[in-house]
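K.L.:
Dumping the structure here so I can ask a few things about it.
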Amino acid sequence: MADQRNGSGQPSNAARTAYAIDVEKFKTRLKALYSNWNENKADLWGSSDVVAIATPPPSEDLRYLKSSALNIWLLGYEFPETVMIFMKKQIHFLCSQKKASLLEVVKKPAREVVGVDVVMHVKAKTDNGTGLMDAIFRAIRAQLTADGKDTPVVGHIVREVPEGNLLETWAQKLKGSGFELADVTSGLSDLFAVKDADELINVKKAAFLTFSVMNNVVVPKLENVIDEEKNITHSALMDEAEKAILDPTRAKAKLKADNVDICYPPIFQSGGEFDLRPSAASNDEPLYYDSASVIIIAVGSRYNSYCSNVARTLMIDATPLQSKAYAVLLKAHEAAIGALKPGNKVSAAYQAALSVVEKEAPELVPNLSKSAGTGIGLEFRESGLNLNAKNDRLVKAKMVFNVSLGFQNLQNQTDNPKIQNFSLLLADTVIVGDQNPDVVTSKSSKAVKDVAYSFNEGEEEEQKPKARAEVNGGENLMSKTTLRSDNGEISKEELRRQHQAELARQKNEETARRLAGGGSANGDNRATSKASSDLVAYKNVNDVPPARDLMIQIDQKNEAVLLPIYGSMVPFHVSTIRTVSSQQDTNRTCYIRIIFNVPGSAFNPHDSNSLKHQGATYLKEVSFRSKDPRHISEVVQLIKTLRRHVMARESERAERATLVTQEKLQLAGNRFKPIRLTELWIRPVFGGRGRKLPGVLEAHVNGFRYSMSRADERVDIMFANIKHAFFQPAEKEMITLLHFHLHNHIMVGNKKTKDVQFYVEVMDVVQTLGGGKRSAYDPDEIEEEQRERERKNKINLDFQSFVNRVNDLWTQPQFSGLDLEFDQPLRELGFHGVPHKVTSFIVPTSSCLVELVETPFLVVTLSEIEIVNLERVGLGQKNFDMTIVFKDFKRDVLRIDSIPSTSLDGIKEWLDTTDIKYYESRLNLNWRQILKTITDDPQSFIDDGGWEFLNLEASDSDSGNSEDSDQGYVPSDAEPDSESEDDDSDSESLVESEDDEEEDDEEDSEEEKGKTWEELEREASNADREKGDDSDSEEERNRRKVKAFGKSRPAARPAARPAARPAARPTPRAVPGSMPKRPKFR
């Protein structure tokens, strides 16, 4: 961030030939120049009657000059070796012939907007311009004579040293002219301070490039260097960051390289040598990243000559002092940004930051930087807008500031010179809004969790035994645990326990706030019954078709069944029929039995048509006899087909009625070529022919479109509706896939879904004919395996290319609010479990827990998780269950069963690193009852310690001597391995989840279906024989189940231990709600 920066806005050679001045922008800004000059002539422009701006020759050095900034601001291009003289009636340009020809276009607009004449003074190459300068001075004196003044005041930029023959000659002539000279730097600063819409766009694009370089190049590079312990110098890091700025594609930013430049050479500092001044530079020392070290990074880039800046501090295994200082600096930095509101003094920003430091850490006040930043725009540091304690200028909307704040020369208590002295720095580019400031570099995170790194845990475990072995000679057999405890070190398990205790405190506070605000009542995701619409077969009697014979007729057009009753054909809409069946007796007489939907039936308890006519009489069942079995079979088949068609249509209509209206897809058209991925299959699948045909996925302006050969087989997915996007390449799976989890449901064919997946099978299913085993050295076998590998690699690369291009599309500013990026599952953290009915491989991602191969898919957003309870955890258990409780307490918990116990430590470590509070319990809990208790009386839940009733250690300590807590209970999973697996499955009747009610409902619905008379007779006799057990009511069955609430806790407290298990186990039988036999894991 050197003082001399190149303000040159010169385009590339290709751009120069096609250059043209924007006349409309010139008119607007020339008018603003004269208006500001006239209004603030005495205060800011030194009472100057004439303003003379001399622009020096081009330079390869980085420098910021007011003269260059005025050229770019007014004309859109820097005119080197040019002198501009602004007077009340005239504007004079002293320049070369080529520049004069470009400036011809400003003559007419200058006369139109401010009434001045533009005069060109063309200098030949061999001329030093003395004669032309004399002509300009005569014009100045003539104007002032006309105005009645004796000595004109000529304003110029005092601090700019003249360079080149032309400017040196001009400076000498100006000094000897007898004019009174004044400085107009303040006037130009005020003119540039408030940006127009075009300037703000340039600042935002520069900021976009800046944080893209920081996020996609600088931080990943540093993390890689530190993780792999590489040796690299600050200057080498600077070069790499500078290349990324000059070539935006390296930073995944779609900006033209011709329009970008660096603000200053990127700055990297570490190893105890820090300089927070804008003139700092990266040295050739190696990057230092040992424990307690600090790394300061500053990156600045320009777009169309407009600057932006960001600075961040990374901390490696931060000391308490570093952590505290950074927390205070972060708070002070936010306070300074918050004070930049229209009407406030510029000094308010620094005062706000100073107040925070004085309150939070007064001992750090001497180390606080003396300024909170400067204005920024065409110049990296706009004079007159310094954010210090003395600047009384007022903040205005559309000003832009580089808010930079730091602590200098803080001291760690250590003898290591590399970490003894450290500094901290934060900087952001901020646009002053009408109400609140807009931090345009906020995408580069400065949160503690994103800048504080911890790497020393593993190193300590390795280094401590080594150190002890050296001291004790041959005593090198001591365990790491012993050594760590001897040295007073904290084990990894203890660190995790402490972190979980802190998470428990935070989670209970968060839950208490949400319950107090009624947050648990939001987002009830359970299905609600929809009232069906009126179903009419015929609007009047005349529409009923004439009776041909007194036979059952099917009117497929009007979706009606006409039944002969008492000599008349009576129509019934097919939706009123529940079941239809036929039967033939020994006399070859056929019977057809039709059962109707009636009020109060379990099949359709909320039928709006029956509720409208509650006093009516309903036909429940009707039977017909026939001697024609062929006709009866045809009627049954037609009724069933028609009913299935109508029910499917009505179901789809009801599903579509609940959909959220999506925006319309904007096709790429001629704007750009859509990003395509071909030969994809979709899940859920379309019905019919769509199952057998692949399709094409295209990325358009605002969404994806998947299309097949038929026009009606098409799916549009809007970018705004995508909640999570996943890319999972085939490794041990048979498919490579893209998966989209949506905010709102969409229709795929006639299916309503929130999950849409596109995939390709990377291997063909091959069945070997013949029972012989093929040799491992079979050439055909080797060639086939090679083809499969090549096919898999090609498909993965095609998908990866598509994902990269879409990610680049999503980095554009219009999608910044969607926060979209393809997430890739982390296979090394995966584990096996049963989320639904089959064993699946469940894998975490950075923001979710997913299973994307087996259907139904599993996508759990980590931010929506309240807590996780690990159930059936104990010695001797081969597997355990995971229960995920969501923040929406009215949403059912998610159970993942049969997770191998070998995955327990890995899951606990993953949950801890993602800041998710987990508990452990020995049994499965009745979560539906627990959540109901919490929502019914949230205050009691809060008063009783929140989720701490799940704390197994606290429960054991509280009820250690209680005789009725666990006495006499032996969990079945802890029994010897010699027992049959039936015992294991029998113990699963302890699980009280929604499966119980679902299976009961299924049994009830089966009983309600139409049955023959013989079946009814058989069921009645079976019921009489088994009246003892099978007639138990639901309430009695539930009473016999083991509950999750224990006797050792008060009744108002939601949950804990199950009641003691009966000593005598009942005879094994099929119990609704018992879990199926669990699969074995090898």
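K.L.:
Give the residues of segment 740-762 whose amide nitrogen is closer than 18 Å to a point set 7 Å from the Cα of Glu790 in the direction of its Cβ.
P.N.:
762
K.L.:
Which values, in whole Å and largest first, are the semi-axes of the equivalent ellipsoid of segment 218-361 obtained as the square root of 5 times each eigenvalue of the Cα gyration tensor?
P.N.:
28, 24, 12
K.L.:
Residues with amide H under 5 Å of Val570's amide H, sequence separation 5 or more or different chain, H placed in the peptide plane at 1.01 Å from N; which?
P.N.:
Those lying under 5 Å, H to H, from Val570 are Leu563, Ile565.
K.L.:
Right, something else. What ranking, highest mean first, results for peptides 208-217, 859-868, 187-196 when packing means the other Cβ atoms within 10 Å averaged over each residue?
P.N.:
Per-residue Cβ counts within 10 Å, averaged per peptide and sorted highest first, yield 208-217, 187-196, 859-868.
K.L.:
A further question follows. Can you give the FRET efficiency for Asp117 and Gln411, using 1/(1 + (r/R0)^6), R0 = 51 Å, r = Cβ-Cβ distance, to the nearest 0.05?
P.N.:
Plugging the Cβ-Cβ distance into 1/(1 + (r/R0)^6) gives 0.20.
K.L.:
Measure off 7 Å from each Cα along the Cα-to-Cβ vector at Leu394 and Val696, then give the distance between these two points in nanometres to one decimal.
P.N.:
About 6.0 nm separates the two model spin labels.
K.L.:
Structure shown: which of Lys27/Lys88; Lys41/Lys370; Lys449/Lys917; Lys256/Lys443; Lys752/Lys932 lie over 24 Å apart, alpha-carbon to alpha-carbon?
P.N.:
Lys41/Lys370; Lys752/Lys932
K.L.:
How big is the C-alpha Rg of segment 190-295 next to the rule-of-thumb value 2.2 N^0.38 Å, as a ratio?
P.N.:
Compared with the compact-globule rule of thumb, segment 190-295 sits at 1.22.
K.L.:
To continue, here is another question. Taking just the C-alpha trace of segment 889-938, give me its Rg and Dmax in Å.
P.N.:
13.4, 38
K.L.:
Taking the simple approach of a point 7 Å from Cα along Cα-to-Cβ for both Ala1020 and Lys89, what is their distance in nm?
P.N.:
With each label point 7 Å from Cα toward Cβ, the separation is 12.1 nm.
K.L.:
Using a 1.4 angstrom probe on heavy atoms only, work out the carbon and sulfur share of the accessible area of segment 333-428 in %.
P.N.:
Its accessible area is 50 percent carbon and sulfur atoms.
K.L.:
Calculate the dipole size of segment 92-196 relative to its Cα centre from +1 charges on Lys and Arg beta carbons and -1 charges on Asp and Glu beta carbons; express the result in debye to the nearest 20.
P.N.:
360
K.L.:
With every protein chain left in place, what is the accessible area per residue of segment 793-947 in square angstrom, probe 1.4 Å?
P.N.:
Solvent-accessible surface per residue comes out at 41 Å².
K.L.:
Give me, ordered by chain and number, the residues 5 or more places off Ile91 or on other chains with an amide H under 5 Å from its own placed amide H.
P.N.:
Asp117, Val118, Val119
K.L.:
A further question on this structure: Note down the accessible area of Ser68, probe 1.4 Å, to the nearest 10 Å².
P.N.:
Its heavy atoms expose roughly 0 Å² to the probe.
K.L.:
Right, next: Please pull out the direction-averaged projected area of segment 335-433, using the convex hull of its alpha-carbon atoms, in nm² to one decimal place.
P.N.:
Computed as one quarter of the Cα hull surface, the answer is 6.9 nm².
K.L.:
Show me 925-935, 805-815 ranked by packing, highest mean number of other Cβ atoms within 10 Å first.
P.N.:
925-935, 805-815
K.L.:
For a protection proxy built on the mean count of beta-carbon atoms within 10 angstrom, sort 171-184, 696-709 highest first, please.
P.N.:
Top of the packing list down: 696-709, 171-184.
K.L.:
Roughly speaking, to the nearest percent, how much of segment 33-174's 1.4 Å accessible area is carbon and sulfur?
P.N.:
Reported share for carbon and sulfur atoms: 49 percent.
K.L.:
Give me the net charge of Val218's neighbourhood, meaning all other residues with Cβ under 9 Å from the Cβ of Val218; Lys, Arg count +1, Asp, Glu -1.
P.N.:
+1
K.L.:
Using label points projected 7 Å from each Cα along Cα→Cβ, tell me how many nm separate Lys149 and Lys878, to one decimal.
P.N.:
Calculated label separation equals 9.9 nm.
K.L.:
Per residue of segment 332-340, what does 6.51 cos²θ - 1.76 cosθ + 1.60 with θ = phi - 60° give for ³J(HN,Hα)? Whole Hz please, x for Gly and Pro, Karplus curve as stated.
P.N.:
Residue by residue, segment 332-340 yields 5, 5, 5, 5, 5, 5, x, 7, 7 Hz.
K.L.:
Accessible area, 1.4 Å probe, largest first: how do Thr617, Thr845, Thr839 sort?
P.N.:
Listed by decreasing accessible area, they come as Thr617, Thr839, Thr845.
K.L.:
Under a Cβ-only charge scheme (Lys and Arg +1, Asp and Glu -1), can you give me the dipole magnitude of segment 127-181 about the Cα centre, in debye to the nearest 20?
P.N.:
With Lys and Arg at +1 and Asp and Glu at -1, about 140 debye.
K.L.:
Quote to one decimal, in nm, the extra length available between Ser801 and Arg159 on full extension: 0.36 nm per residue of separation minus the C-alpha distance between them.
P.N.:
225.9 nm
The values are calculated or read from the model by the stated rules, or taken from the named source; none is laboratory data. Computed from a predicted model, the values in this text were never measured in an experiment. Glycine gets a Cβ as well: all are built from the backbone with ideal geometry, and neighbour counts include every protein chain shown. To get the accessible areas, we keep the full protein, side chains included, count just its heavy atoms, and leave off ligands, DNA and RNA. Shrake-Rupley method; radii C 1.70, N 1.55, O 1.52, S 1.80 Å.
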